[in-house]
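The structure under discussion appears below in the form of structure tokens.
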Amino acid sequence: MTERSPVSALATALKRLNDADVALACVVTRRTVTSATKRRPITADHYFRLCAFAGVDPVSGWDIAPRAPGPFDQGLFSLGVALRRMLNGHSLRQAGKAMGISYASVERIEDHKAVSIETTLAACKYVGVHPFGYCHGTFDVSRGTGGVIAPQEGARPDVRAA
């Protein structure tokens, strides 16, 4: 049996939905929805919003309960990566090797710059926080995917809980 990637799982889930409704609910353009459906690169913020709305875990590709999409906090993510790197005593190169990405990608993350979905997911795994832990809003993510359990309504996920 072939495992499908989370990007493929999202594309499959989006094909069952109306592009205009998804775009409106996720605060993205229809072009972004079309790009995700065709497995083209989109920003991490848009990817996580679409995953939450479509009910797809962005790490495993498994079905989860659909949730209200919230924006991805790039600043908090960058800080989390930088802190984990410092706590581990890693240089940029060592952290990149541990994540399976280039040191330049680690530097881009820490400089609050956009990187690919795969790079973002690798960095989240390195930090030990599910990507939804960096999204505003409430998300109910199974611990089986290494994630964050939803906080009370309206509260920010506690990144220390993972």
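Condition check: touching a residue at least 60 places away in the same chain (Cβ under 8 Å), buried (at least 16 other Cβ atoms within 10 Å of the Cβ) and polar (S, T, N, Q). Does residue 43 satisfy that? So residue 43 fits the description; yes. The lone criterion from (1) in contact with a strand residue (DSSP E or B) (Cβ under 6 Å, 6 or more places away or on another chain); (2) modelled with pLDDT of 95 or more left unmet by residue 135 is number (2). Going through region 86-128 one residue at a time, which ones are among the β-branched types (Val, Ile, Thr) and under 17 Å from residue 56 (Cα atoms)? Within region 86-128, 117, 120 qualify. Take the conditions (1) crowded, with 18+ Cβ neighbours inside 10 Å; (2) modelled with pLDDT under 95; (3) touching a Cys at 6+ places or on another chain (Cβ under 7 Å); residue 61 misses just one of them, which is (3). Within region 93-113, being within 13 Å of residue 126 (Cα to Cα) and not basic (Lys, Arg) holds for 94, 95, 96, 98, 99, 100, 101, 106, 109. Counting only helices (runs of 4 or more DSSP H) that fall entirely inside region 1-65 and contain at least 3 residues that are within 16 Å of residue 131 (Cα to Cα), the qualifying elements are 6-15, 44-54.
The values are calculated or read from the model by the stated rules, or taken from the named source; none is laboratory data. Worth saying up front: this structure is predicted, and the values here are computed from it rather than measured. Glycine also receives a Cβ, built like all others from the backbone with ideal geometry; neighbour counts cover every protein chain displayed.
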